[in-house]
Amino acid sequence: MNILIRLAVIVFGVTLLSACSSDADNAMAPSPLQSYTPSVQAVTAWKTGVGNGNGGYYFRMRPAVRHGVLFVASRNGDVSAVNAKTGRTLWNENIGANITSGVGVGGGNVYVGTDNARIVALSAQDGHLVWHAPVTSEVWAAPEYARGIVLAHTITGNLSAFSASTGHLIWRYDEAVPSMTLHAASQPEVAGNTVVAGFSDGHLVVLNLQTGNMLWQQQVALPRGNNVIDRMVDITVDPVVVNGVAYVATYQGRVAAYDLDKGQLIWSHKISSYAGITADRHQVYVTDADGRVWCFDEATGAVAWRQTALKGRQLTGPALIGQSVAVADRYGFVHFLSRSSGKLQGRAPISADAIAQPVADNSQLFVLGTNGTVWSFVLRPFKA
């Protein structure tokens, strides 16, 4: 599997940082940058350095933005708050442990997970420690806040719910973990009083937010093949809920849409994805494992368009900004596609590989690089 060159895997609790030599020999070469007629221009509003990025490890440390402040975590334990408009650092704190997750924010706090099996809550106002609590193992996905509760998803398939104000454990859900998994996990999505969570065994599970009781579950993809690598069907893509429909994607499996109330399958496509999915009220956008970007009709699943010009460039998941779909790659570029047609609209260089799915907030797009640099882009009509 080519993706194993980029994604570490976990086998019986041991991290393997490279794939077998045959995979390396057969790695998909990145598509060369193609010429196109630009229609948008990505202007760098600001860039700033915060911490050491992911420290050379494969951790998808996606920033979070709330009320005009961008919160960024780094592998070395730094958590920073940055003015989203100006790039000025408002505060920076080191939590004294290696961070393994992206950032969650809500309830006046900022939340991160660590490699010593803890979830840490800092004040969003000034960064002081509010509480920390033990979990069963490393937290790989960004904690999710909703209605006074913080959810943490760990390496061992555990989903824990904590009081956002005190760190008190409210409930815990456990899912079986396969013998081999990708070195990534999905952030739960909360819709109303419902938690939508994807796990490394290919299960999509829907729980009651307050109690943790299961409402329904579906096997999004079935493991197939004669070896453990071929049978990997991890859900590392964060589920998305729009208009009462849960959208999810699995590695070596499929992209699927489920009725949130009933758990019934609405549509699906056989597509492998580990990077990301997003949606608006009409369309669903997915980056597949080979670097193609897909757009589906949200109601029927019909393919609206597919962009193949970026194959092999190790794309992040998509983010929506204006009338564009933004994806970053691991070769130092951010690409902008038309929402309606998928055509290339613009391109912006960055001086590092992108860590995770870009973050969009109103008219700004934030991209975090592996070296700890954050870029803020604003899209404008292209002028020759």
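Is the shape of region 120-197 best called rounded, prolate or oblate, per the rule: a/c under 1.5 gives rounded, else a/b larger than b/c gives prolate, else oblate, with a ≥ b ≥ c the square roots of the Cα gyration tensor eigenvalues? Numbers along the way, then the final one.
Numbers: a/c = 1.92, a/b = 1.51, b/c = 1.28.
Prolate is the answer for region 120-197, as a/c is 1.5 or above and a/b outweighs b/c.
Taking the Cα centre of region 238-384 as origin, sum charge times position over the Cβ atoms of Lys and Arg (+1) and Asp and Glu (-1), and report the length of that vector in debye to the nearest 20. Could the numbers behind the result be given before it?
On the way: 14 positive and 11 negative charges, 109 e Å.
The dipole magnitude comes to about 520 debye.
Give me VAL130, VAL105, VAL237, VAL43 ranked fewest to most by other Cβ atoms within 10 Å of their Cβ, as a rough exposure proxy. Show your work: numbers first, answer last.
Values: VAL130 19, VAL105 23, VAL237 26, VAL43 11.
Ordered from fewest to most neighbouring Cβ atoms within 10 Å, VAL130, VAL105, VAL237, VAL43 come out as VAL43, VAL130, VAL105, VAL237.
Any chance you could check the Cα centroid distance between region 55-90 and region 318-372 for me, in angstrom?
Between the Cα centres of region 55-90 and region 318-372 lies a distance of 17 Å.
With a 10 Å cut-off between alpha carbons and a GNM built on the chain, which of ARG292, ARG224, ARG330 moves the most?
Fluctuation is largest for ARG224.
At 7 Å along Cα-to-Cβ for each site, give me the label-to-label distance between GLN217 and ASP230 in nm.
The modelled label-to-label distance comes out at 2.6 nm.
Could you work out which residue, out of THR37, THR308, THR136, moves most in a Gaussian network model of the chain, that is, has the largest mean-square fluctuation with Cα springs under 10 Å?
THR37
Lys and Arg at +1, Asp and Glu at -1: add these up for the other residues within a Cβ distance under 12 Å of ASN158 and post the number. Intermediate values should be presented prior to the final figure.
On the way: positive: ARG172; negative: GLU138, ASP174, GLU175.
In short, -2.
Taking the Cα-to-Cβ direction at ASN76 and at ASN92 and moving 7 Å from each Cα, how far apart do the two end points lie in nm?
Calculated label separation equals 0.8 nm.
Relative contact order for the chain: what percent, with Cα pairs under 8 Å and sequence separation of 6 or more?
Numbers: 1111 pairs, mean separation 54.9, N = 384.
Result for the chain is 14 percent.
With the dipole of the chain worked out from charges on the C-beta (+1 for Lys and Arg, -1 for Asp and Glu) around the Cα centre, which of THR154, LEU209, ALA29 lies farthest toward the positive end?
The listed residue farthest towards the positive side: ALA29.
Would you work out if region 25-161 is rounded, prolate or oblate? Take a ≥ b ≥ c from the square roots of the eigenvalues of the alpha-carbon gyration tensor; rounded if a/c is under 1.5, else prolate when a/b is larger than b/c, oblate otherwise.
In terms of gyration-tensor shape, oblate.
Could you calculate the FRET efficiency of ARG172 with ASP261 from 1/(1 + (r/R0)^6), where r is the beta carbon distance between them and R0 is 25 Å, rounded to 0.05? Intermediate values should be presented prior to the final figure.
Working: r = 25 Å, r/R0 = 0.98.
So, using R0 = 25 Å, E works out to roughly 0.55.
What lysines sit close enough to LYS270 to cross-link, taking a C-alpha to C-alpha distance under 25 Å and skipping anything fewer than 8 places away on the same chain?
Straight-line reach from LYS270, under 25 Å: LYS262, LYS311, LYS343.
Only Lys, Arg, Asp and Glu count, each charged at its Cβ (+1, +1, -1, -1), so figure out the dipole size of region 116-255 about its Cα centre, rounded to 20 debye. Present the calculation step by step, with values, prior to reporting the outcome.
Details: 6 positive and 10 negative charges, 31 e Å.
Dipole of region 116-255, to the nearest 20 debye: 140 debye.
Ranking TYR36, TYR258 by Cβ neighbours within 10 Å, fewest first, what do you get? Kindly include the intermediate steps, with their values, before the conclusion.
Details: TYR36 13, TYR258 24.
Final ranking by Cβ density, sparse to dense: TYR36, TYR258.
Out of these labelled values of Rg and Dmax of the Cα atoms in Å, (i) 23.7, 94; (ii) 19.3, 57; (iii) 22.2, 70, which was calculated from the coordinates shown here?
Matching the structure shown: (ii).
Compute, for region 61-142, the length of the dipole vector about the Cα centre, with Cβ point charges of +1 (Lys, Arg) and -1 (Asp, Glu) only. Units Debye, rounded to 20. If you can, show how the numbers build up before the last one.
Details: 6 positive and 5 negative charges, 56 e Å.
Dipole about the Cα centre, nearest 20: 260 debye.
How many nm separate the modelled label positions at SER163 and VAL43, each set 7 Å beyond the Cα in the direction of the Cβ?
Here the modelled spin labels are 4.9 nm apart.
So how much slack lies between HIS282 and LEU129, counting 0.36 nm per residue of separation and subtracting their Cα-Cα distance, in nm? Write down the numbers at each step before the final one.
On the way: separation 153, 0.36 × 153 = 55.08 nm, distance 4.10 nm.
In short, 51.0 nm is gained.
Values in this text are rule-based calculations from the coordinates and carry no lab data. Worth saying up front: this structure is predicted, and the values here are computed from it rather than measured. Quick reminder, even Gly has a Cβ in these numbers, built from the backbone with ideal geometry, and neighbours come from all protein chains shown.
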